[in-house]
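Before any comments, here is the structure.
The values are calculated or read from the model by the stated rules, or taken from the named source; none is laboratory data. Fair warning: this is a prediction, and the values are worked out from it, not measured in the lab. Please note: Cβ atoms are built from the backbone with ideal geometry, for glycine as well, and neighbour counts cover all protein chains shown. Ligands, DNA and RNA are stripped out before the accessible areas are found, and what is left, the full protein with its side chains, is counted by its heavy atoms. Shrake-Rupley method; radii C 1.70, N 1.55, O 1.52, S 1.80 Å.
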Amino acid sequence: MGSTGTTLRELRGAQKSSKGVSLYSRYVNRPAGRLLAAGAYRAGLTPNQVTSVSAVFTFAAIAGVAHLEPSWWLGVAVYAGLAVGFAFDSADGQLARLTGRGGPDGEWLDHVVDCAKMILVHSAVLISFHRFGGLSDEGLLLLPLGFLFVAVLTFCAGLLREQLGKAAARDAPAATTATPPPVSRIRAVALLPADYGVFCLVFLLLGAPGAFRAGYALLAAVHALFLVAFLVKWFRELKALRAG
């Protein structure tokens, strides 16, 4: 087993493409995940164990949202738990590519944890609104339900788009590999509002319920707009694959 520096250099060479990745994931979450992956590698952890660590941090933070009265200290703790969990979520894939120990079971476990995370975080906000929000209009309880719908639909549609695209690539005749276009920094900036890491930041406002609801509602609206854009884009891409 090499030094930590050697492991980090190897991990840098085992990164996924930055295409379609926001600046937060590219410059914050992936580098943090790379450090965690190096530590996990030296500790002898498997990718699935790292996924489990991610789940522990994430679900502990979500439980805090549902069960504890909103406060500034809770907001910091929840953000830290979600952000660390997200970094470990990046680390498991990096560790799998480094060690060659990835497989269908690991990919399945990672997607299950991701889906559970999306369902539970918005469910926890709904519970918090109901228990501690003192809402004058119970219609606001529909906000986390709407955000939940958008998040799950985006996740499922994006995952299906990825799998159908891979299947089409396997069935297509071999073609000359073209040089991929350069990664767009403008696109990386534009994707920031849809990044889970940016979403986690809103929990820093838990100590100010009105500000938290406003920030959460703004993100819900932005994510809904992104969902529409993604659905149109993915449908056109899949249709082009059929035509090709």
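What to note about this one:
- Check on Gly106, on the phi < 0 side of the Ramachandran plot and surrounded by fewer than 20 Cβ atoms within 10 Å (Cβ to Cβ): yes
- Residue in the stretch 9-29 that is in a helix (DSSP H, G or I), among the aromatic types (Phe, Trp, Tyr), open to solvent by 40 Å² or more (accessible area, probe 1.4 Å) and at pLDDT 90 or above present: no
- Of everything listed in (1) open to solvent by 40 Å² or more (accessible area, probe 1.4 Å); (2) in contact with a Phe, Trp or Tyr (Cβ under 8 Å, 6 or more places away or on another chain), the single unmet condition for Arg97 is (2).
- Test: residue in the stretch 198-213 that is modelled with pLDDT under 85 and surrounded by 13 or more Cβ atoms within 10 Å (Cβ to Cβ): no
- Test result for Gly75, more than 17 Å from the chain's Cα centre (by Cα), closer than 20 Å to Asp195 by Cβ and in contact (Cβ under 8 Å) with a residue 40 or more places away in the chain: yes
- Pairs where the first residue, in the stretch 125-143, is in contact (Cβ under 8 Å) with a residue 24 or more places away in the chain and the second is open to solvent by 90 Å² or more (accessible area, probe 1.4 Å) and not in a helix (DSSP H, G or I), C-beta under 6 Å, 6+ apart: Phe132/Glu69
- Scoring Ala38 on the criteria (1) more than 16 Å from Leu204 (Cβ to Cβ); (2) open to solvent by 10 Å² or more (accessible area, probe 1.4 Å); (3) touching a Ser or Thr at 6+ places or on another chain (Cβ under 9 Å); (4) assigned to a helix (DSSP H, G or I) leaves a single failure, condition (2).
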